Amino acid sequence: LMDSETFFAKLAQRASEDTAVIAALRRSSSYDAGRYPPAFPFIEPYVHGLSEWQRKAAYLAAACWAQSARRGTESDLGKWAKGETLPVAIRSLRNHQSMASKSIEQRFIALLDADADELQWRLRHLTSQLSAAGISVDWPALLKDLWAWNSSQRYVQIRWARHFWASSATNNHSPPEMNNQS
């Protein structure tokens, strides 16, 4: 099985050698994850041995990554290495777009509540907003979280909620007993 960092490193390498990679992955975002044949050559070599959900998650993450990659800037292809986790990135987006902060928060809540079928559409919209605002996402971390999205314990959604609504370390006014809980 391939880890998520290697997956995105391979995608970035292929995309830097062939512009069709980004184009096909971008177009794939208009289809259900894993259902756009032109994207298969770029994803299938890396997803063998994964469950059906993990395969779909890889296609979804790759499509969102391609949407955020700027054409012709090779350095952007690998910028995920410096990106924020998705909830922290969305919090930054909310904080920098005060006029739309309520709608961003509502979209984030809808994302947290999304089932596997709704997830791709809600995620794609938020990651497009992040890209437009120039906020980088840690794509390998996102993919790992997507792989665990369907857990009955919903630990990804709970962790994302905690990270999104967390105060910054310098501005933490919660009671001490709350700070010790994870």
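Residue-level analysis places Asp76 outside the set of residues that are of a type in the set (Asp, Glu) and modelled with pLDDT of 95 or more. Taking the numbered list (1) open to solvent by 50 Å² or more (accessible area, probe 1.4 Å); (2) closer than 20 Å to Trp121 by Cβ; (3) outside any loop (DSSP other than H, G, I, E, B); (4) not acidic (Asp, Glu) in turn, Leu25 passes all entries but (1).
Go through region 134-162 and report how many residues are open to solvent by 50 Å² or more (accessible area, probe 1.4 Å) and not hydrophobic (A, V, I, L, M, F, W, C).
Taking region 134-162 first, the residues open to solvent by 50 Å² or more (accessible area, probe 1.4 Å) are 144, 147, 150, 152-155, 158-159, 162.
From what's left, not hydrophobic (A, V, I, L, M, F, W, C): 144, 150, 152-155, 159, 162.
Adding up the residues that qualify gives 8.
Limited to region 1-19, what total is found for residues that are out of contact with any Asp or Glu (no Cβ under 9 Å at 6 or more places or on another chain) and open to solvent by less than 40 Å² (accessible area, probe 1.4 Å)? Spell out how you get there, then give the answer.
Looking only at region 1-19, we keep the residues that are out of contact with any Asp or Glu (no Cβ under 9 Å at 6 or more places or on another chain), and these are 1-11, 13-14, 17-19.
Those left that are additionally open to solvent by less than 40 Å² (accessible area, probe 1.4 Å): 4, 7-8, 11.
Residues flagged as out of contact with any Asp or Glu (no Cβ under 9 Å at 6 or more places or on another chain) and open to solvent by less than 40 Å² (accessible area, probe 1.4 Å) within region 1-19 amount to 4.
Residue pairs, Cβ under 6 Å, 6 or more apart or interchain, first in region 119-133 and of a type in the set (Asp, Glu) and surrounded by fewer than 16 Cβ atoms within 10 Å (Cβ to Cβ), second modelled with pLDDT of 95 or more and part of a helix (DSSP H, G or I). List them. Final answer for the pair search is none.
Each residue in region 46-68 was checked for being open to solvent by 60 Å² or more (accessible area, probe 1.4 Å) and touching a residue at least 12 places away in the same chain (Cβ under 8 Å), and 3 of them qualify.
Okay, residues lined up against (1) modelled with pLDDT of 95 or more; (2) under 20 Å from Leu60 (Cβ atoms); (3) among the polar types (S, T, N, Q):
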residue	(1), (2), (3)
His96	no, no, no
Ile109	yes, yes, no
Ala114	yes, yes, no
Leu119	yes, yes, no
Ser131	no, yes, yes
Gly134	no, no, no
Trp149	yes, yes, no
Val156	yes, yes, no
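Within region 88-118, the set of residues being in a loop (DSSP other than H, G, I, E, B) and either of a type in the set (S, T, N, Q) or open to solvent by 30 Å² or more (accessible area, probe 1.4 Å) (or both) comprises Gln97, Asp115.
Do we have Ala39 as surrounded by 15 or more Cβ atoms within 10 Å (Cβ to Cβ), touching a helix residue (DSSP H, G or I) at 6+ places or on another chain (Cβ under 6 Å) and farther than 23 Å from Leu86 by Cα here? Don't jump to the end; show me each part of the working.
On the way: surrounded by 15 or more Cβ atoms within 10 Å (Cβ to Cβ): yes; touching a helix residue (DSSP H, G or I) at 6+ places or on another chain (Cβ under 6 Å): yes; farther than 23 Å from Leu86 by Cα: yes.
In short, yes.
The values are calculated or read from the model by the stated rules, or taken from the named source; none is laboratory data. Quantities reported herein were computed from a predicted structural model and do not represent experimental measurements. So basically every Cβ, Gly included, is an ideal-geometry build from the backbone, and we count neighbours across all protein chains shown. Surface areas here come from the heavy atoms of the whole protein model, side chains and all, with no ligands, DNA or RNA. Shrake-Rupley method; radii C 1.70, N 1.55, O 1.52, S 1.80 Å.
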